[in-house]
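Below: the structure, in structure tokens.
Just so it is clear, none of the values below were taken in a lab; they were calculated from the coordinates. Note that this is a predicted model, so its numbers are computed, not measured. Virtual Cβ from ideal backbone geometry, glycine too; neighbours counted across all protein chains shown.
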Amino acid sequence: MSAKSNIGLVGLATMGANLARNIANKGFHISVFNRTTEKTEKFIQDFGKESGGKLHGSKTLKEFIASLEAPRKIILLVKAGQPVDDMIAELSPLLDKNDIIIDCGNSHFKDTERRQNALASQGLNFIGCGISGGEEGALHGPSLMPGGSKAAWEKIRPIFEKVAAKDFAGKPCVIHIGDLGSGHFVKMVHNGIEYAIMQILAESYDILKNIGKFTNPELSKIFAGYNKNSNLKSFLIEITTKIFNKKEDGKFIIDYIKDAAGQKGTGKWTTEIAHDLGVYSPTINVAVDARIVSGDTKVREMSQGMLKQNITAKKITISGKKNLIKQVENALELATILCYEQGISLISKTSKEFDWKLNLAEITRIWQGGCIIRSSYLKDLTTALNPANEKAAMSAFQKIMKTLNGDKQKSWRKLMSLAMESGIPTPAFYACLGYFDSYAKARLPQNLIQAQRDFFGAHGYERTDKEGSFHTEW
Ligand code: 2AM
């Protein structure tokens, strides 16, 4: 190759390989490097032709660095954690001032800030870029959430804007999120919302399967119906309809998948920062817990015989089944809105705390395409969060409030009673309703907690009828 590549990428696992192909398909020359050289060779063998000669494999890091135009732009897609630090340590001595490393892995935003500081002292730029959309997104257009130096962003912008998915209006699903670790932070909260929505979908499945007695093909049809609702139409529901229909060797795969859900940490990190900053995000907390208990298989198997659910099973009628489908739809619709709300509140509070000045409307806009939580509801949410058009924002906000406050809420409450009576655990649905009910009350019962704290620890309390701090000899 005579001319130099526009960008480089290190790490050719599925996400890295697909992102590299996407970049080449968009017309950019890209050099790739992988620790295990055979993977690089196979990658070029498999996809070099499709790229029209735009993918260039390097056997050594030196060769890789030499193949890149200045300032060098290097995407890292190696395993999160120590491998990122290892790669940075190997790369940085070979780089020149103003070169840019872009970590597209799921790194903790505090790690990103540590790396940014370390590299800044060497005159190097480090961008922490969240990427969502899974393998398909990486290949055809992900949602990209880069954070770090604005000047460095401007250098990668032409490539990233071409590579990203498109929003509802056809604009790229990427913006400069903000300074420091804000890009990885926003991606982390995106994943927190993803955890919450996936959990309410799993609980909906449980209710429909075990109370409604619906079969897998029926479940697929029900979820396809939900996907016609403009507040629910989403990637997650779309894939759910496909999952229920998928057979292997004549068997529905869903019935044979073990129920222990995996997690890589972004959900837990979201709950940690929410607790640190005092942001109420109960559904994200519960979703993380639900994965934990799902993995506690042995204990559940042991306790199943001991813990007897004292319930009277009711037979469901045809009209009861129809009603149940609607109730679950209503519950899902309102709970989903509240899942997004919890994530947005966390981003908003963190932005203020760290003085990041994040643009909430733009953040939800870039989630409209490519990413796992893309959903048609994000159109209204983006409009509601955009202060630039006050009238439209107010109208979108009122529309959302009307949905939350209307008859669907009553239907959701009835469903929760039914789930409780039937012994179906729906902690994420309860958490969403608890979130709503807590904010719907100007006065909560924690006056009692304050009294108890003062009783046993003389912690003092404030009063509603006079100023100051008080203590009672109880
Ligand atoms: P490998 O193919 O040589 O294992 C996901 O694991 C990607 O991260 C893979 O491309 C993997 O390279 C790479 N990776 C994991 N640990 C790494 C490390 N310590 N240094 C460099 N690359 C690493």
Q) Separation between the Asp86 and Ala261 pseudo-spin-labels, each 7 Å from Cα along Cα→Cβ, expressed in nm? A) 3.1
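With the alpha-carbon atoms as the only input, what is the per residue convex hull volume for the stretch 187-440 in Å³? The partial results should precede the final answer.
On the way: hull volume 37.1 nm³, N = 254.
Here the figure is 146 Å³ per residue.
Let me have the 222 nm mean residue ellipticity of the chain computed from DSSP H runs of 4+ only, each contributing -39500 (n - 2.57), with the sum over all residues rounded to the nearest 500. Intermediate results must be reported in sequence, preceding the final value.
On the way: 20 runs with 268 residues, N = 474.
The helix-only estimate for the chain comes to -18000 deg cm²/dmol at 222 nm.
Of Lys242/Lys264; Lys79/Lys349; Lys155/Lys379; Lys314/Lys414; Lys247/Lys410; Lys349/Lys399, which sit over 26 Å apart, Cα to Cα? Display every interim value, and only then the final one.
Values: Lys242/Lys264 24 Å; Lys79/Lys349 30 Å; Lys155/Lys379 29 Å; Lys314/Lys414 15 Å; Lys247/Lys410 37 Å; Lys349/Lys399 24 Å.
Lys79/Lys349; Lys155/Lys379; Lys247/Lys410, as the Cα separations exceed 26 Å there.
So which trypsin sites (Lys or Arg not before Pro) in the stretch 346-421 end up in coil per DSSP with only 15 or fewer other C-beta atoms within 10 Å? Please list the in-between numbers first.
Working: sites: Lys349, Lys352, Lys357, Arg365, Arg374, Lys379, Lys391, Lys399, Lys402, Lys408, Lys410, Arg413, Lys414; in loops: Lys357, Arg374.
Sparse-neighbourhood loop trypsin sites (Lys or Arg not before Pro): Lys357.
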Q. Rounded if a/c is under 1.5, else prolate if a/b beats b/c, else oblate: with a ≥ b ≥ c from the C-alpha gyration tensor eigenvalues square-rooted, which is the stretch 1-54?
A. rounded
**Q.** Partner aspartates and glutamates for Lys352 [C-alpha distance under 15 Å; skip if fewer than 8 residues away on the same chain]
**A.** Asp179, Asp276
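How fast does the stretch 371-415 diffuse by Stokes-Einstein, in µm²/s, taking the Kirkwood radius from C-alpha pairs at 25 °C and 0.890 mPa s?
Working: Rh = 11.7 Å.
The estimated diffusion coefficient comes to 210 µm²/s.
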Q) Using the alpha-carbon centroid of each, what span in Å lies between the stretch 187-244 and the stretch 253-327? A) 14
Q.
Strictly greater than 36 Å: what percent of every Cα pair in the chain meets that?
A. 38
**Q.** Alpha carbon centroid spacing (whole Å) that separates the stretch 1-71 from the stretch 353-425
**A.** 40
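Find the eigenvalues of the gyration tensor of the Cα atoms of the stretch 230-320, then list the square roots of 5 times those eigenvalues as equivalent ellipsoid semi-axes, largest first, in whole angstrom.
Numbers: eigenvalues 157, 103, 66 Å².
Largest first, the stretch 230-320 gives 28, 23, 18 Å.
Count the DSSP beta bridges whose two residues both fall in the chain, then state the antiparallel fraction as a percent rounded to the nearest 5.
On the way: 10 of 31 bridges.
Close to 30 percent.
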Q: Using label points projected 7 Å from each Cα along Cα→Cβ, tell me how many nm separate Glu462 and Lys410, to one decimal.
A: 3.8
Q: Determine the alpha carbon to alpha carbon distance for each of Lys326/Lys357; Lys59/Lys97; Lys73/Lys166; Lys49/Lys221; Lys39/Lys97 and list only those over 32 Å.
A: Lys326/Lys357; Lys49/Lys221
